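J.: Supplied in structure tokens, the structure appears directly below.
The values are calculated or read from the model by the stated rules, or taken from the named source; none is laboratory data. Note that the structure is predicted; figures quoted are calculated from it, not measured. Because the Cβ atoms are built from the backbone with ideal geometry, glycine has one as well, and the counts that use them run over all protein chains shown. All accessible areas refer to the heavy atoms of the entire protein, side chains included, with ligands and DNA or RNA removed. Shrake-Rupley method; radii C 1.70, N 1.55, O 1.52, S 1.80 Å.
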Amino acid sequence: MLKSLRNKRSLTDKIDSNKVGNNDQVVKKRKHLTIKSDTNEITSNSNWKPPNWEKTLDDIRKMRKDIVAPVDNMGCDQAADLNEPPEVVRYHVLISLMLSSQTKDEVNFAAMQRLKQHGLNVDNILEMSDDTLGKLIYPVGFWKTKVQYIKRTTRILKDTYNGDIPNTIKDLCQLPGVGPKMAHLCMSCAWNEVTGIGVDTHVHRISNRLGWVKKTTKTPENTRIALESWLPKDLWREVNHILVGFGQTICRPIGPHCDSCLNKKTCPSAVSNSTTIKKK
């Protein structure tokens with residue numbers, strides 16, 4: 001298993017040791033939100049699976065072992081300070097995820113370091129001016145909007161969750177600036193509970209390139225639903241991390257390294273690109 005995944009387990013082990021704490025919300029039975037697809041494709045109880053998916057995944061694992069991707073050392077699961085109390089660690093995970101949208105891991109990680117140096121906890125963020133918060137998180141993508149999201153979300157955490165974060169997909173998605181991808185990743189990294197696959201732009205792109213969706217999907221949320229219809233649940237946590245790193249280093253959005261990919265002979269996109277080049 002990858003070094004980064006071992007690091008992730010150390011984070012979740014710490015969190016899992018004290019899930020209840022003082023938050024009354026945590027002791028309630030967790031209710032999970034089923035998010036409907038905006039397509040008419042029926043994905044549940046389907047016998048469809050992409051051909052050779054197990055070998056494809058194993059080859060991606062082999063390639064990832066030899067290459068360190070930004071997500072391995074600077075992903076959202078790496079940004080939390082494990083020396084802090086569990087509820088603060090969970091808050092770090094949530095804030096890192098909120099900052100990550102439209103932002104490279106390196107930029108996000110640097111912003112998190114600045115925030116932690118100024119004391120990244122609920123009370124400090126509420127007392128901090130918008131101007132100061134903006135300067136600390138700049139230049140993450142849409143930083144001005146994220147200042148407002150972080151402030152509003154933190155106020156909700158203080159008033160509703162006793163300074164902790166929600167422990168259900170439904171409640172997480174009701175926080176300003178938090179969508180399904182962030183919510184599922186937050187449940188995995190902050191609560192050590194797998195509720196769904198976190199599908200970002202890399203997972204979305206690669207799943208379509210590999211033919212891991214029965215029909216081409218237009219949004220990450222559609223891709224999540226399509227993947228979950230056939231991929232064994234015990235792989236849901238791994239597939240996000242391994243595909244994100246694969247997309248950052250080899251299967252890049254522009255100029256993918258198909259020539260060095262172990263799946264170049266079976267990947268529909270690699271074969272298609274090769275045919276196109278030959279015709280030219």
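J.: Given a Förster distance of 25 Å, report the FRET efficiency between residue 81 and residue 162 from their Cβ-Cβ distance, rounded to the nearest 0.05.
T.: Details: r = 20 Å, r/R0 = 0.80.
Computed FRET efficiency for residue 81 and residue 162 comes out at 0.80.
J.: Another question about this same structure. Per-residue accessible area for residue 61 at 1.4 Å probe radius, Å² rounded to 10?
T.: Residue 61 exposes around 70 Å² with every protein chain in place.
J.: Then there is this: What is the spin-label model distance, in nm, from residue 114 to residue 252 if the labels are put 7 Å beyond Cα along the C-beta direction?
T.: 2.6
J.: Also, I was wondering about something else. Per-residue counts of other Cβ atoms within 10 Å, averaged by peptide: what ranking do you get for 73-80, 240-247, highest first?
T.: Going by the mean number of other Cβ atoms within 10 Å, highest first, we get 240-247, 73-80.
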